[in-house]
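Read-outs throughout are calculated quantities, based only on the coordinates presented, and are distinct from any laboratory measurement. All values derive from a computational prediction rather than experimental measurement. In this analysis, Cβ positions are derived from the backbone assuming ideal geometry, glycine residues included, and neighbour counts consider all displayed protein chains.
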Amino acid sequence: MTSKTEQFNANVVLENSAPSACLNYVWIGLKFSPSSDESAPPIPPETVENMINTAHSNPSVHVRIWIDSKRLSGLQVEHLREAVKNKAAQNIEICDLRSIEAYDYHNGNLFNLEDTSPDWRDDKDSLIWRQVDCARILVCLENGFDQQYYSDTDIVGLDIRSNTIQNSITDHGVVFCGLKITNFVGFENGFFGFSKMGEPFFRTIFLKSIAAAVHEQKNGYHAYIGEIYTKYTSRGICAESIIWTPNFDGTFAHHNTQAQNEPLAKPN
């Protein structure tokens with residue numbers, strides 16, 4: 001019996017000669033105990049809508065939404081599956097982070113702790129952001145595709161097959177989220193991608209991000225940026241040739257343990 005991923009790849013090969021590609025989203029709940037309302041949507045509807053719209057506009061790309069099943073109720077997981085099904089997003093797959101051995105059992109117990117800080121939104125080194133920084137890379141290291149991508153859920157207008165993204169992947173094996181301000185390019189980790197050529201680079205970032213999260217209680221951003229400068233820009237590779245500049249929908253990370261009208265802030 002073939003898996004959904006294998007069947008998707010087979011269909012893409014028949015329809016499109018382009019390399020197979022997977023776009024990964026990650027949603028990790030703050031707490032292990034579900035909300036008092038176990039049927040409450042686990043992810044804000046506008047966020048789900050954006051992921052589905054991106055899947056629809058990238059029909060030859062497999063889209064994975066990664067959730068942590070220990071932090072959601074069974075009803076919440078089913079709610080998410082139904083939301084995807086109702087929008088007829090055939091190329092979306094709901095995946096459990098707990099199916100990845102390195103997430104469930106290893107890495108200093110990092111992913112088996114919950115963030116109890118009341119300042120998690122504003123504290124860029126709070127546990128939830130350290131977990132997300134590591135998980136966003138880990139899911140992309142799951143094999144099965146020629147190209148792997150990660151995107152934050154508030155990015156809109158993403159076209160994986162665009163010339164900007166594919167030229168960077170072809171020439172360098174990687175593409176990063178980048179914002180150009182006059183003559184300066186700032187890198188962010190809200191979006192990135194790599195081919196088989198760029199995979200070892202991201203394995204290095206993952207190990208350094210885990211070390212920072214577990215031993216230094218720091219997020220993975222500095223490990224990410226440091227490796228980009230060491231591997232690419234310090235060696236004369238033009239920063240503009242390895243970036244894609246996204247647009248955002250203005251939403252922020254929200255969990256149903258918060259009041260809906262609380263102002264939210266997203267750390268760098």
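Side notes on the structure shown:
- Each Lys or Arg adds one and each Asp or Glu takes one away; over the other residues whose Cβ falls under 12 Å from the Cβ of L127, this sums to -2.
- When both bridge partners sit in the chain, DSSP labels roughly 45% of those beta bridges antiparallel.
- The dipole here belongs to the chain: it is taken about the Cα centre, uses +1 on the Cβ of Lys and Arg and -1 on the Cβ of Asp and Glu, and is about 520 debye.
- With 23 Å as the limit on Cα-Cα distance, the pairs of K85/K196; K180/K218; K124/K196; K31/K196; K31/K124 that go past it are K85/K196; K180/K218; K124/K196; K31/K196.
- Computed [θ] at 222 nm, deg cm²/dmol, the chain (DSSP H ≥ 4; -39,500 (n - 2.57); rounded to nearest 500): -11000 deg cm²/dmol
- Estimated translational D of the stretch 94-158 in µm²/s (Stokes, Kirkwood radius over Cα pairs; 37 °C; 0.692 mPa s): 243
- The chain - percent relative contact order, Cα under 8 Å, separation 6 or more: 22
- Under a Gaussian network description of the chain, with springs only between Cα atoms under 10 Å, the residue in N247, N183, N112 that fluctuates furthest is N183.
- Listed residues N163, H56, L138: farthest to the positive end of the dipole of the chain (Cβ charges): N163
- Rel. contact order, % - alpha carbon contacts under 8 angstrom, at least six apart, the stretch 19-117: 35
- In plain terms, the chain from N167 to F32 could stretch by 44.5 nm, reckoned as 0.36 nm per residue minus the Cα-Cα distance.
- Residues in the stretch 104-132 reached by a label modelled at R98 [backbone nitrogen below 17 Å; 7 Å Cα→Cβ]: 104-106, 109-115
- Taking a quarter of the surface of the Cα convex hull of the chain gives a mean projected area of 14.5 nm².
- Site pair Q90 and T251 shows an inter-label distance of 2.5 nm when each label is modelled 7 Å from Cα along Cα→Cβ.
- One decimal place: the segment E49-R203 gains 52.4 nm when fully extended, by the rule 0.36 nm per residue minus the C-alpha distance.
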